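Worksheet: one structure, shown below.
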Amino acid sequence: MATRPSPGERLLGDITQKGYEKKRSKLIRAYFPHPGGMEGMSHRPPFAPPSAARFHRRRSSGTRDERYRSDVHSEAVQAVLARHVESNVAVPMPSKRRSLVVQTSMDAYTPPDSSSGSEEEAGPGNDMPGMEHWMTRPAHLGPAHLGSTSSSSSSTQSGGSGNAGRLADSLAHTHLSHPHLNHSAPPDVTGYSSDSSHSRPHSERHIGTIARNTQKYGNAERMETGDGVPVSSRVSAKIQQLVNTLKMPRRPPLREFFVDDFEELLEVQQPDPKQPRPEGAEMLAVSGEALGVVTNWPPSLEAALQRWGTISPKAPCLTSLDTTGKPLYVLTYGKLWSRSIKLAYNILHKLGSKQEPMLRPGDRVALVFPNNDPVAFMVAFYGCLLAEVVPVPIEVPLTRKDAGSQQIGFLLGSCGVTVALTSDACHKGLPKSATGEIPQFRGWPKLLWFVTESKHLSKPPRDWFPHIKDANSDTAYIEYKTCKDGSVLGVTVMRIALLTHCQSLTQSCGYTEAETIVNVLDFKKDVGLWHGILTSVMNMMHVISVPYSLMKVNPLSWIQKVYHFKAKVACVKSRDMHWALVAHREQKDISLSSLRMLLVADGSNPWSISSCDAFLNVFQSKGLRSEVICPCASSPEALTVAIRRPVEDSSQPPGRGVLSMQGLSYSVVRVDTEERLSVLTVQDVGTVMPGAVVCVVKPEGVPLLCKTDEIGELCVCSVATGTSYYGLTGMTKNTFEYMYNMCITCGCLFIICGLVFISGKMDGLIMVSGRRHNADDIVATALAVEPMKFVYRGRIAVFSVTVLRDERIVVVAEQRPDSTEEDSFQWMSRVLQAIDSIHGVGVFCLGLVPANTLPKTPLGGIHLSETKQLYLEGGLHPCNVLMCPHTCVTNLPKPRQKQPEIGPASVMVGNLVSGKRIAMASGRDLGQTDDNDQVTRHSIFLFLSEVLQWRSQTTPDHILYTLLSSRGLVSSSLTCLQLHKRAERVAALLLERGGLQEGDHIALVYPPGIDLIAAFYGCLYAGCVPITVRPPHPQNISTTLPTVKMIVEVSRSACVMTTAVICKLLRSKEAVATVDIRNWPPVLDTDDLPKKKPPALYKPCNPDALAYLDFSVSTTGMLAGVQMSHNAVGAFCRSVKLQCELYPSREVAICLDPYCGLGFVLWCLCSVYSGHQSILIPPVELESNPALWLLAVSQLRVRDTFCSYSVMELCTKGLGLQTEALKARGLDLSRVRACVVVAEERPRMSLTHSFSKLFKDLGLHPRSVSTAFGCRVNLAICLQVCVCVCVCVCGTSGPDPTTVYVDMRALRHDRVRLVERGSPHSLPLMESGKILPGVRIIIANPETKGPLGDSHLGEIWVHSAHNGSGYYSGYGEEVLQSDHFTSRLSFGDTSTVWARTGYLGFLRRTELTDASGERHDALYVVGALEEAMELRGMRYHPIDIETSVIRTHKNIMECAVFPWTNLLVVVIELEGSEQEALDLVPMVTKAVLEEHYLIVGVVVVTDIGVIPINSRGEKQRMHLRDGFLQDQLDPIYVAYNM
């Protein structure tokens, strides 16, 4: 590890700790003083580690896996945690909906299962002893060093949250702003108050809020920002706690980097100059003793069976037990011999026909027998050997979806297995189909199931006898092995290797005839097979097989059988010794004095030493001698590698070593002292097997011999090993022909010093930042943290996942049903601290799942690869999750440091900027366009009211507007004359009842329809200024009515005009309870208009006078009113008319909200100006009839239609499965020339493409779908009306919208880098439409206000006659007016006045040409400046992160992200069970890390519909933020990533 920097240099995310403190003090100066030290933190002294006898302690219940048991290690962990108490900062506990807290019933007590993985897959580690002076150290795992400070901390929450609440209160109002940008947000006129005494200082007006009661947050949109976060806000206090935890120092920064195909550089691990390095001499190969030659050893195992079956037929061979422990069946050697011969005959002669037998010698056969039937398995195994077919023992498939079953099937298929031998009981228990047949299991070949009971077999002829040969190089059997990734390999063992292995075991263990051996292990593979099935027959031993089912009921059963049968040998695992310790109740009727050898099969596991010592300590009084315990090391490839021999002399203690865990992580042996916290004690596993040669090689690269103090991989050269992986030649060469002629990789890490020491298995190693960590070591550390209250039966799985080009550790444990949420969270926090301090590595994810839910192996262990697969797929369904990416992800790119800009003189020459053309483009000239005579006649009118009067006289019966109902029927329509007359009556109403004067503001609160249009023109006739306002929602008045009141007050409306229904709604009880109606201006009901006309129609005297106010809310929650003059309105309508070629003969369908922006202009203004008929479809009607819009377009044969993204999304989701039904109803979209999506955002390519593809079969041409772009300062900048080839007669000419692919990483650095489609990190951007006539665009630097070159990312500035005149507010905002609406370039063309859109984008000159023959300039919008997030010095657009999140899981329906202080908050909507909510947290965190190099601070999982979306289909992220901070979202789960 690199040298830890001084506190002032420690990095925290993207700023140093000093910088963070400086920034934080600025924010909270007004709330509480800058902390000067460790104020408020506990200064309790660390707990003294308990002393005393470590193995005399009694535990109350069996909740821990004893093979990881170490009291010294527990004391070490507790000491580490005690030290953390002094420096802990409170960590916010995750929030969970009550319905998600499911208490599962506690199973009836059964002893603990194996815990860290399956029996075969338990995670390994790398520890090695080295010199002889530590060989006799006592076997205690000492405490661990505090090498690094844990970033996770105790969940004990600090006292009152008042200060945190006030801090959150202040920050809740501070909307996203960038102090370094000159482009500031528009005035937040929500801060206006009618009481002048409460007006804010000028400098604060843009962030003010209107004073009101905090309303309940609902799914409906909220136009206002939150009134402030309550002091007692639960979420806000937690976020402040999380911010505080981020002050904890990170690991040292890494110095060197590599290029990730771009300028973004991921940090790469640099070797620590202080890391330990091997210093010893090169290790030599070690040979075992010579394999003795005994004259009476049989020439083969079948010959041994023949000898004992004929000489001693009544000698007991195998005794099976039932679930009560009573003998179920005693198999004698005579019975084994005769039944094996019978089975061999039937295999060869009764399967298939005489001419075509199914099995021939050398064919592979599956043995499928349960773990409680060793007799049938033994008969089948030896029957196969006698028939010279190759047995492949596998587990019984209980269901079609068993963990690992598919991989077993792949092995059977690759081995060419067609026959499966099984017992009668097992065959009856297999799953059956409706016809009674055994179904084909997933991934399995088609098998013939053959029952081996004698009653189902034919007797062989008296003259038939199996041919028994001497052991040769033919394959004897195939043993399956499960790899780390879950794949299953078949290890082939030759007959000579089988016999030699049995001989070496006989010599090493001192086996003699008629000895009794108690076997608790799985008899189908590994040590249980080698000792209990094979070597026992060679020596005519009696095996007592204890089934797993009996061990679960009576953990002492194997000890009772040793005592009852006076057994000399017992084969067990550490787990079995632990179970006996748990169940031990001072029983006096047992004795272990007969044992001469207690074989510990998993003695190579470093943590088995604790079980061995504890077992010896308890049962020494029962006659157990220390020299009896014999651990061994083995692997499927090398078979038995080493075994400790039973000795008569107990004066020689076994070898012990106390090793430094830090040294082990660097593959180096370093002797340590027990007083240190971070040490591991290992025991020897004896000496090398007879006849074998062993060496240690480096695990990576060229297989070079290790040094004497270096840890490596064990290689064995012996006859008694496996031969190959069946059918896998390449892997066989890498493993079984490693070096020399016959060298087998055993897959273990170890040291030799006369004796063999194992520190773990290769499959269990986790490589993190260049250091190796043993999964079993991490399991032991987790179990040492008060496990009995939390971990169910000690079941913990540890594995690694790849995140950001490095391995990250994941810990998953089963939670006890009776543990509480808070206790579990505290335990998780302490586990993170312990692992971080003892192992010096951070945990990426720690999850707790309900009891008995992790995938199991046949013997009850955790199936590690299946668990990992479920984690990656989001199928674990945890009940608690704690993510710690801040701790373990240390290779993020360096935060971007912005460089000073180059001066203007050095970059601009003529029309070139930095060697590129200035990014400037313009639409057609309004003054040079051709027009027909009718329009030319009325083009002299300066005001829209005059145009309406002219049309009412020239074409009085021409229909301008048609409103459709939800059924698609015409509910009302307006001709030119009807609209003129209704507008006159509205004007009379205003002048009569309202007593209004010229220039007064009128709020029009109408639903979408004809009344709104008539009221608008009535205001123009009366000389008033209309403001269209969305009416309150009847079912959500408490949320929507304050917005109406706010706009009315901010706009200083003199009266409100609305319908009778809404009048009644405004006076309802709910409305009165929400707002004070006494402050409302007069409300006029327009349902009953006066019959008379006004005395005179108003005609403005100045074209620049105010025509109407356009109030809208940005996606960041800012409410702004833009002033539109009569001149701008006329220019706007003319520009749209020319772009879309609108004439009185045209019909246009409009499905937009008519309250602001281009939607209002198309709904109310364009038809009067251009004379075309507008078919109005209120978007709200599509909620009850999604097909309304498309059916109307089809039935009315409309060629041009406008919609919003929300309408398009509703059709895509709601009609996706109804296209055939719609086609049958006659829906035909082939006449559609242009379907334009109106939006103020980057075009949503995926949605438009999905829409085009979905309705292509209904005649919609893909080229007809296009986009429009506008913003607050200019309601329409681009509008693309594509022309389909099939219907192009007189449409607008121009190129189709183009698409480019840019590097998303370059955009973060405010640069544009074009890449090919499909490139990594590519982002598709579609042209936002054709620039409108009369519009000029330039791309400018938002900070320096200088022009940028072609294809450079900058702010879009616009110059047009229909730009807005400025923001309207109750007080002057001269600074914002000049900055937004009257900006000038800092150099170049400094005379032109531009309006700043607040959107980032770029111009690119394409190879296409427009109608005038000029090359086409395409505008690409990237995103809004005010929405962009500055994180780690880079600019991120929320839509990019949200797209990545939505792709992570099929159940994520919608997503929104926003920043909070220096945290990224991700809110996701879950479609599915609430139990799946926590699966999404690690998936979302990983996806954002991988694709955007950002650490997610908070993940919020909510129900569908919580993310507020406005009528344009845009997410209201800041409203969502306010709801989150005020705890109004009712989330399913809130995860705080530490």
Quick one: check the C-alpha center-to-center distance for region 1047-1101 versus region 614-645, whole angstrom.
-> 92 Å
Interchain or sequence-distant (5+) residues whose placed amide H lies within less than 5 Å of the amide H of Ala1424 are Leu1400
Counting sequence-distant residues (5 or more places) and residues on other chains, those with an amide H built under 5 Å from that of Val1302 are Val1315, Leu1323, Leu1325
Once the in-chain neighbours fewer than 8 apart are removed, the lysines whose Cα is under 23 Å from Lys707 read Lys274, Lys698, Lys761
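Cα convex hull of region 1186-1248: how many Å³ per residue? Each step should come with its number before you reach the end.
On the way: hull volume 5.3 nm³, N = 63.
Considering the Cα atoms of region 1186-1248, their hull volume per residue is 85 Å³.
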Across 5 Å bins from the origin, how do the percents of Cα pairs in region 1415-1512 run, short distances first?
-> 2, 12, 23, 23, 17, 11, 6, 3, 2, 1, 0, 0
Leu1210 neighbourhood, Cβ < 15 Å, K/R = +1, D/E = -1, net charge -3
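For the pairs Lys856/Lys1450; Lys96/Lys868; Lys1045/Lys1093; Lys484/Lys1450; Lys342/Lys552, note any where the Cα-Cα span goes beyond 29 Å. Please report the intermediate quantities before stating the final value.
On the way: Lys856/Lys1450 26 Å; Lys96/Lys868 24 Å; Lys1045/Lys1093 31 Å; Lys484/Lys1450 27 Å; Lys342/Lys552 35 Å.
As for pairs spanning more than 29 Å Cα to Cα, those are Lys1045/Lys1093; Lys342/Lys552.
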Quick one: how many Å² of Glu1049 are accessible to a 1.4 Å probe, rounded to 10?
-> 40 Å²
Placing +1 at every Lys and Arg Cβ and -1 at every Asp and Glu Cβ, with all other atoms neutral, what dipole size does region 597-738 have around its Cα centre, in debye to the nearest 20?
-> 120 debye
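Can you tell me which of 370-380, 603-613 comes out highest on packing, and rank the rest after it, using the mean Cβ neighbours within 10 Å? Provide the component values of the computation, followed by the final result.
On the way: 370-380: 23.7, 603-613: 28.4.
Sorting 370-380, 603-613 by mean packing, highest first, produces 603-613, 370-380.
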Report in % the part of the accessible area of region 290-390 that belongs to carbon and sulfur, leaving out ligands and nucleic acids; probe 1.4 Å.
-> 56 percent
With Val417 itself left out, Lys, Arg at +1 and Asp, Glu at -1 over residues whose Cβ is under 11 Å from its Cβ give +1
Which cross-chain or sequence-distant (5 or more) residues have an amide H under 5 Å from the amide H of Leu291, H modelled 1.01 Å from N in plane?
-> Gly691
Taking only protein heavy atoms and a 1.4 Å probe, the highest-to-lowest accessible-area order of Lys761, Lys525 is Lys761, Lys525
Quick one: net charge around Pro1007, please, counting Lys, Arg +1 and Asp, Glu -1 for every other residue with C-beta under 13 Å from its C-beta.
-> -3
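Please give the peptides 360-367, 494-501, 1232-1239 ranked by average Cβ packing (other Cβ atoms within 10 Å per residue), highest first, as a rough proxy for protection. Intermediate values should be presented prior to the final figure.
Values: 360-367: 18.2, 494-501: 22.0, 1232-1239: 25.4.
Going from most to least packed, we get 1232-1239, 494-501, 360-367.
The values are calculated or read from the model by the stated rules, or taken from the named source; none is laboratory data. Being a predicted model, the structure only gives us computed values, none of them experimental. Glycine gets a Cβ as well: all are built from the backbone with ideal geometry, and neighbour counts include every protein chain shown. Please note that ligands, DNA and RNA were not included when accessible areas were found on the heavy atoms of the full protein model with its side chains. Shrake-Rupley method; radii C 1.70, N 1.55, O 1.52, S 1.80 Å.
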